[in-house]
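The values are calculated or read from the model by the stated rules, or taken from the named source; none is laboratory data. This structure is a prediction, so every number in the text was calculated from the model and none was measured. Note that each Cβ is placed from the backbone with ideal geometry, even for glycine, and that neighbours are counted across all protein chains shown. Side chains are part of the model used for accessible areas, which takes the heavy atoms of the whole protein and leaves out ligands, DNA and RNA. Shrake-Rupley method; radii C 1.70, N 1.55, O 1.52, S 1.80 Å.
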Amino acid sequence: QVQVLESGGGLVQTGDSLRLSCVISKRTLTNYAMGWFRQAPGKEREFVAAVDGIGESRYYTDSVKGRFTITRGNAKNTAYLRMNSLKPEDTAVYYCVADLTTSRIMGAEPTAYWGQGTQVTVSS
């Protein structure tokens, strides 16, 4: 019912910036909350950021606060993750997600919709 497609990953150096983009395809007019997770090799998947359906409330994990910014596009089926001052520890596959609320994204229950992931690699 809802498909998620993220893009914008790449190979960058420490201190560089990237902007990840995400577009969701849906059949309803619902403005879904959207967010990002990431998973590095050998590590558990972790929450990165989330934004509500209209871009008013935003949430970040502590390790990216001050460096990453999540926004909604003018079209509310889009979201972006601006990543500044990238570090090697940011290297991971980044997954865009969508659900009815940010609580559903950040909570214990599985998030409804996931993208396929886009690779971000930060070299020293």
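Which one, Thr71, Leu11, Ser124, is farthest towards the positive end of the dipole of the chain when Lys and Arg carry +1 and Asp and Glu -1 on their Cβ?
Working it through, the farthest residue towards the positive pole turns out to be Thr71.
Mind checking the dipole of the stretch 1-111: about its Cα centre, +1 per Lys or Arg Cβ, -1 per Asp or Glu Cβ, Debye to the nearest 20?
260
Can you give the Rg and Dmax of the stretch 1-60 based on its C-alpha atoms, in angstrom?
Values for the stretch 1-60 (Cα only, Rg and Dmax): 13.7, 40 Å.
Under 10 Å, Cα contacts only: if you run a Gaussian network model on the chain, which one of Gly42, Gly53, Gly66 comes out with the highest mean-square fluctuation?
In the Gaussian network model the winner is Gly42.
Would you please give the residues with an amide H less than 5 Å from that of Arg19, counting only those at least 5 places away or on a separate chain, with H modeled from the backbone geometry?
For Arg19, the qualifying residues are Met83.
Check each of the GluC sites (Glu not before Pro) in the stretch 16-124 and keep only those in coil by DSSP with at most 16 other C-beta atoms within 10 angstrom; list them in order.
The qualifying sites are Glu44, Glu56.
How many lysine pairs does the chain hold where the Cα atoms are under 29 Å apart and the two sit 8 or more places apart or on different chains?
Counting lysine pairs in the chain gives 5.
For the pair Gln3 and Lys87, what calculated FRET efficiency results from E = 1/(1 + (r/R0)^6), where r is the Cβ-Cβ distance and R0 = 35 Å, to the nearest 0.05?
It comes to 0.70.
Students often get this wrong: which residues of the stretch 18-47 have the backbone nitrogen under 20 Å from the point 7 angstrom along Cα-to-C-beta of Ser123?
18-19, 40-41
Among Leu86, Phe37, Thr101, whose Cα sits farthest toward the positive end of the charge dipole of the chain (+1 at Cβ of Lys/Arg, -1 at Cβ of Asp/Glu, about the Cα centre)?
In the chain, that residue is Thr101.
Ignoring ligands, DNA and RNA, how do Leu18, Leu11, Leu100 rank by accessible area with a 1.4 Å probe, largest first?
Greatest to least solvent exposure: Leu11, Leu100, Leu18.
How many times 2.2 N^0.38 Å is the alpha carbon radius of gyration of the stretch 41-109?
For the stretch 41-109, the normalised Cα radius of gyration is 1.12.
If you add up the charges near Ser63, with Lys and Arg at +1 and Asp and Glu at -1, over every other residue whose beta carbon is less than 15 angstrom from its beta carbon, what do you get?
With Lys, Arg at +1 and Asp, Glu at -1, the neighbours total +1.
Compute the relative contact order of the chain as a whole-number percentage, counting only Cα pairs closer than 8 Å that sit 6 or more residues apart in sequence.
For the chain, the relative contact order is 36 percent.
Accessible area of Phe37, 1.4 Å probe, to the nearest 10 Å²?
20
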